[in-house]
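One structure is given below, encoded as structure tokens.
The values are calculated or read from the model by the stated rules, or taken from the named source; none is laboratory data. All values derive from a computational prediction rather than experimental measurement. Note that each Cβ is placed from the backbone with ideal geometry, even for glycine, and that neighbours are counted across all protein chains shown. The area values use the complete protein model at the heavy-atom level, side chains included, leaving out ligands, DNA and RNA. Shrake-Rupley method; radii C 1.70, N 1.55, O 1.52, S 1.80 Å.
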Amino acid sequence: MCQPIIVSGIEVSDKIKQDIAQEVEAIKLRGGKIPHLAAVLVGNDGASQTYVNAKVKACELVGFGSSLVRLPETISETELLKEIERLNNNDNIDGFIVQLPLPKHIDEQKVTQAISPLKDVDGFHPVSLGKMVLDLPSFLPATPYGIVEMLRHYNIPTEGKHCVVIGRSHIVGSPMSILMARNSYPGNCTVTLTHSRTKNLKEITLQADILIVAIGKPEFLTADMVKDGATVIDVGIHRIEDATKKSGYRLIGDVKFDEVAPKCAFISPVPGGVGPMTIASLLKNTLLAVETHDYASQK
Ligand code: NAD
């Protein structure tokens, strides 16, 4: 049993947002372009609306411009691709995201690949992911980027550690495994990427110094799967009904926090962990987009 250090995404993201707000002030003073992020929301999914609203609000907070492009659930793939082309060609918009998931009749890969790599602030485009693999400067996928920044902020040792990632999605698990293996801090881990076909998962998680859990199953990781002194980062977000809350629900993660936390050296909570960091990374990427555009236009 130990008293874990809570890895607070709220604390780290507030610091990042303050730094970005100062940068925006500096841009204003030198008469530069104020960063502008657009978010495309297709349909009326409740969780997606909440995420997009939080992203737009965060833009306002740091002084960015923001636009919300709302499109009906029934929009055709062709129309959506046209909208993306408009955003690609709109010089006022430095970066934009298309909130996932999209309705079933739309091919998410097609949409992701239609976004200009210069404006791909979610970091999902093959160009961004390829650059990440090659360790070239690029937009990192927002959630893994946020986790990297959390580890950095709390000075969590990573070199030579065994990092076990649960989940191999293109937006979280796979890029996370690449970042943790990079030859820089936070990285230099020996990484095991586990997924739905992994055998003896518990044997593997028990060897982990750092566990990054992105499986999408509520409270999946239990105390018996974690070794003493581990660092646990919980990516999962699940709404569960709770009549005692005004909203009617509360959020839980992929980790059974109450029983896992006493075994950990560091643990991130849900809510208040990875979620706010994803938004902060999006803002960082948008700032990077402005700098990249400035650089490209000076060449
Ligand atoms: P996903 O559903 O795309 O991927 C889940 C992964 O878990 C898959 O790769 C699958 O192979 C693996 N898996 C399933 N069963 C397994 C098992 N028994 N053992 C080992 N691996 C198994 O999920 P995702 O998009 O990566 O999201 C994961 C969670 O993180 C979800 O709860 C999602 O809502 C949340 N999320 C949070 C943020 C944030 O900002 N906090 C961002 C993205 C996703």
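Looking at segment 4-42, which of the residues that are of a type in the set (Lys, Arg) and within 19 Å of the chain's Cα centre (by Cα) is most open to solvent (accessible area, probe 1.4 Å)?
Going through the qualifying residues, I end up with LYS15.
Looking at GLU77, GLU73 in this structure, which one is charged (D, E, K, R), over 24 Å from the mean Cα position of the chain (by Cα) and surrounded by 13 or more Cβ atoms within 10 Å (Cβ to Cβ)?
Among GLU77, GLU73, only GLU77 is charged (D, E, K, R), over 24 Å from the mean Cα position of the chain (by Cα) and surrounded by 13 or more Cβ atoms within 10 Å (Cβ to Cβ).
Taking segment 152-172 as the search range and keeping residues that are within 16 Å of the ligand (Cβ to nearest atom) and free of Cβ contacts under 8 Å to residues at least 60 places away in the same chain, which one is surrounded by the fewest Cβ atoms within 10 Å (Cβ to Cβ)?
Among them, the one singled out is HIS170.
Within segment 190-217, can you find the residues that are crowded, with 23+ Cβ neighbours inside 10 Å, over 19 Å from the mean Cα position of the chain (by Cα) and not small (Gly, Ala, Ser)?
THR205
So, SER138, is that one surrounded by fewer than 23 Cβ atoms within 10 Å (Cβ to Cβ), under 25 Å from GLN49 (Cβ atoms) and of a type in the set (Ser, Thr, Tyr) or not?
It is false that SER138 is surrounded by fewer than 23 Cβ atoms within 10 Å (Cβ to Cβ), under 25 Å from GLN49 (Cβ atoms) and of a type in the set (Ser, Thr, Tyr).
Since GLY123 meets every condition but one in (1) open to solvent by less than 30 Å² (accessible area, probe 1.4 Å); (2) outside any loop (DSSP other than H, G, I, E, B), which condition does it not meet?
(2)
Can you pull out every residue in segment 80-97 that is acidic (Asp, Glu), in a helix (DSSP H, G or I) and open to solvent by 80 Å² or more (accessible area, probe 1.4 Å)?
GLU85
Quick one: in segment 138-151, which of the residues that are touching a residue at least 24 places away in the same chain (Cβ under 8 Å) and assigned to a loop (DSSP other than H, G, I, E, B) is farthest from the ligand (Cβ to nearest atom)?
PHE139
Give the residues of segment 232-267 that are among the aliphatic types (A, V, I, L, M) and closer than 22 Å to THR158 by Cα, sorted by residue number.
Hits for segment 232-267 are VAL232, ILE233, VAL235, VAL255, VAL260, ALA261, ALA265, ILE267.
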